[in-house]
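Here's the structure, in structure tokens; my notes come after.
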There are 2 protein chains.
Amino acid sequence: MLPVRGLPEFTTGDDLAGAVAGAAPWLADGDVVVVTSKVVSKVEGRVVPVPPGADREAVRQRAIDAESVRVVARRGPLRIVETRHGWVVAAAGIDASNVPGDALVLLPEDADASARRLRGRLRELLGVDVAVVVSDTFGRTWREGLTDVAVGSAGLPPLIDHRGAVDAHGNRLETTQVAVVDELASAADLVKGKLDGVPVAVVRGLAFEPPDDAPGADPGARALVRLGPGDLFPYGSRDLVGSRRPAADLVPRDGDREAVAAAFRVASAALPEFPVVLRHGGEGDGVVDVHLPERATTTAALNLGALLGAVVVQLHAEGWTTRWEPVGTPGGSSLVGRLWLGSPRV
Amino acid sequence: MLPVRGLPEFTTGDDLAGAVAGAAPWLADGDVVVVTSKVVSKVEGRVVPVPPGADREAVRQRAIDAESVRVVARRGPLRIVETRHGWVVAAAGIDASNVPGDALVLLPEDADASARRLRGRLRELLGVDVAVVVSDTFGRTWREGLTDVAVGSAGLPPLIDHRGAVDAHGNRLETTQVAVVDELASAADLVKGKLDGVPVAVVRGLAFEPPDDAPGADPGARALVRLGPGDLFPYGSRDLVGSRRPAADLVPRDGDREAVAAAFRVASAALPEFPVVLRHGGEGDGVVDVHLPERATTTAALNLGALLGAVVVQLHAEGWTTRWEPVGTPGGSSLVGRLWLGSPRV
């Protein structure tokens with residue numbers, strides 16, 4: 001893993017490939033060039049100016065709105081959103097660090113295309129066949145701390161598929177599809193660091209089969225987007241309940257569910273002063289713990305009830321049986337009841 | 001990044017540190033030794049035998065039960081669970097690959113302690129001060145493919161905290177806490193691969209400050225557990241709604257009567273101390289005034305809400321459009337909102 005030192009501060013229109021070629025003339029066939037998305041965005045002009053005197057945070061919130069197609073979860077000022085690209089990330093990946101105070105930097109418009117262009121230009125300039133990964137820093141659901149992942153790639157398979165392979169014990173590996181571009185982004189971050197002004201690092205020695213040069217043959221990092229049917233976590237529960245945006249955020253996205261959307265609108269029309277939580281409560285076919293903080297207002301309770309009524313109707317329409325078990329208001333607990341889901345009736 | 005080649009197949013009671021010292025006598029101060037959790041578990045006897053003739057999948061499901069404190073999401077046979085350690089991971093991290101067919105390998109009982117022991121023994125055997133990361137392969141919520149992350153660590157800070165640091169532009173970095181042990185695990189996986197029989201790799205050249213040797217001074221990878229209040233995704237929603245049937249179920253049909261009846265059951269299951277009133281409110285082609293007495297309990301409000309949610313779903317199933325207008329809680333009035341019914345959509 002080799003840092004590329006001596007790169008300048010980049011701005012819109014700068015020749016990133018030329019700068020990398022100049023700073024790393026030692027690039028060789030098969031190298032993976034990992035570039036921080038921030039410099040890609042800067043040279044591509046994916047920058048939102050913060051006018052003098054403007055409220056930087058307000059500009060940032062508007063930029064997040066513009067970059068998002070959906071709020072996945074929300075807590076206070078923190079928004080986990082789905083970007084237009086399909087990435088689920090805090091604040092739409094908009095970061096104010098390592099940026100002049102008068103600007104915000106967005107994610108690249110199409111980081112796979114950016115990676116392809118950089119790869120092509122490095123081939124022209126240095127005569128080398130390298131792969132490119134465009135990296136950004138994302139959080140994770142149940143793990144503290146951030147790691148670098150890939151938001152764009154070109155010239156290498158984003159996923160290495162061991163499915164169907166057989167290990168030394170004769171077991172078939174069923175689900176081992178490695179997100180190699182994410183591991184490369186993480187590895188490169190160890191070299192780049194966050195404060196060192198080293199936005200590019202090179203990983204040498206990785207064995208891989210480059211994709212075909214034919215248009216469309218390179219899936220890019222977009223292949224890592226997991227949404228729709230593959231998404232087991234389409235929304236964060238705090239969002240289901242907290243200060244929420246239009247009901248469209250809450251509608252299951254795999255079909256036209258106008259009726260349910262309407263019920264959710266009822267549930268969310270008045271912002272509850274307290275978050276009400278629909279949370280999965282344990283084992284069994286399905287138990288939903290329904291929480292209402294002790295100091296919740298009747299408005300919050302009404303909203304939660306509407307949500308619950310809508311959910312029950314939805315569940316019955318889908319063939320489930322349900323049983324509602326009120327819990328009362330035991331001291332100190334916010335649990336008001338449990339919704340038990342029986343087996344599908346079919 | 002250096003692979004440690006020539007390691008044997010491990011089994012319970014084997015001397016892992018001795019084997020690593022023998023295969024990598026070149027280990028040096030400051031190296032990070034990344035060990036696949038599977039070999040740690042094997043030498044520590046964290047293995048569940050599969051008796052001859054037993055149903056391997058049934059044994060595996062029971063092992064997942066035993067290792068889990070909570071099911072976070074479920075789809076068919078796939079369970080995302082919270083382990084006793086606090087990791088949220090598919091199948092409790094129990095994997096059947098790279099294991100003889102008569103056994104399943106669990107996560108180490110306490111991988112931070114395992115890492116500390118290995119670090120201590122390598123110091124004794126080779127006189128070197130290395131850090132140790134115990135890695136495992138986890139999936140991610142919204143990204144395809146797996147990456148290696150840390151489940152245990154010793155001798156290095158699991159998180160490098162850039163919060164409060166200032167970048168070259170004078171911006172304070174607010175949230176950049178890097179999960180460096182996870183990035184190390186990912187980096188090492190690029191060298192170890194999945195099928196090569198290389199369960200140990202060494203990362204050399206990383207600058208870090210080892211934690212103090214005092215007991216308890218090393219937080220270990222456990223510092224990366226994010227659950228409880230910090231968890232924005234405490235459950236998987238597919239679990240809430242189960243394997244749903246086609247949206248066509250929501251169009252008006254005889255069965256809707258049953259669904260709405262179920263929602264009404266939810267609404268009335270707990271005896272409300274106050275009657276809840278759905279009353280036709282007058283003008284237009286449909287306005288329903290929704291009342292809730294001022295002294296109503298949150299339980300009554302919850303029940304009313306459930307009724308309302310069910311009614312809205314029913315109305316939409318019958319072709320009405322609706323709009324919910326919250327009224328707030330004006331002094332002396334019990335009116336909490338109005339449900340406007342538009343013309344049937346036909």
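The values are calculated or read from the model by the stated rules, or taken from the named source; none is laboratory data. Since the model is a prediction, treat every value here as computed from it, not as a measurement. All Cβ positions, even for glycine, are placed from backbone atoms using ideal geometry, and neighbour counts span all protein chains on display. Note: accessible area is taken over every heavy atom of the protein model, side chains too, but ligands, DNA and RNA are not part of it. Shrake-Rupley method; radii C 1.70, N 1.55, O 1.52, S 1.80 Å.
Counts of other chain beta carbons within 10 angstrom of each beta carbon in peptide A:79-91 average 1. Comment: the Cα-to-Cβ extended label point of B:ASP14, at 7 Å, lies 5.0 nm from its counterparts in the other copies, nearest first. The mean number of Cβ atoms from other chains found within 10 Å of a Cβ in peptide B:133-141 is 4, as a whole number. When each of the peptides A:182-193, B:206-217 is scored by the mean number of other C-beta atoms lying within 10 Å of its residues, the order from highest to lowest reads A:182-193, B:206-217.
Using per-residue counts of other Cβ atoms within 10 Å, averaged over each peptide, order B:41-51, B:124-134 from highest down.
Numbers: B:41-51: 18.3, B:124-134: 20.9.
Highest mean packing first, the order is B:124-134, B:41-51.
Interface size, chains B and A: roughly 10000 Å² of accessible area buried, both sides included, 1.4 Å probe, rounded to the nearest 100. Each other copy places its own label point for B:ALA28 at 2.0 nm from this one, sorted shortest first, where the point lies 7 Å along the Cα-to-beta carbon line. Shielding of peptide B:144-156 by partners, expressed as the average count of other chain Cβ atoms within 10 Å per residue Cβ, is 4.
Phi-derived couplings, Karplus 6.51 cos²θ - 1.76 cosθ + 1.60 at θ = phi - 60°, listed residue by residue for the range A:27-34: 4, 10, 3, x, 5, 10, 8, 9 Hz, with x used for Gly and Pro. With its label point put 7 Å out from Cα toward Cβ, A:PRO219 sits 3.5 nm from the same residue's point in the other copies, in order from shortest. Between the amide H of B:VAL50 and those of B:ALA103, B:LEU104, distances stay under 5 Å, these residues lying 5 or more places away or on another chain, with hydrogens modeled in the peptide plane. A straight Cα-to-Cα reach below 27 Å connects A:LYS192 with the lysines A:LYS38, A:LYS42, B:LYS192, B:LYS194, residues fewer than 8 places away in its own chain not being considered. Residue ranges A:149-160, A:106-117 sort as A:149-160, A:106-117 when ordered by packing (mean number of other C-beta atoms within 10 Å per residue, highest first).
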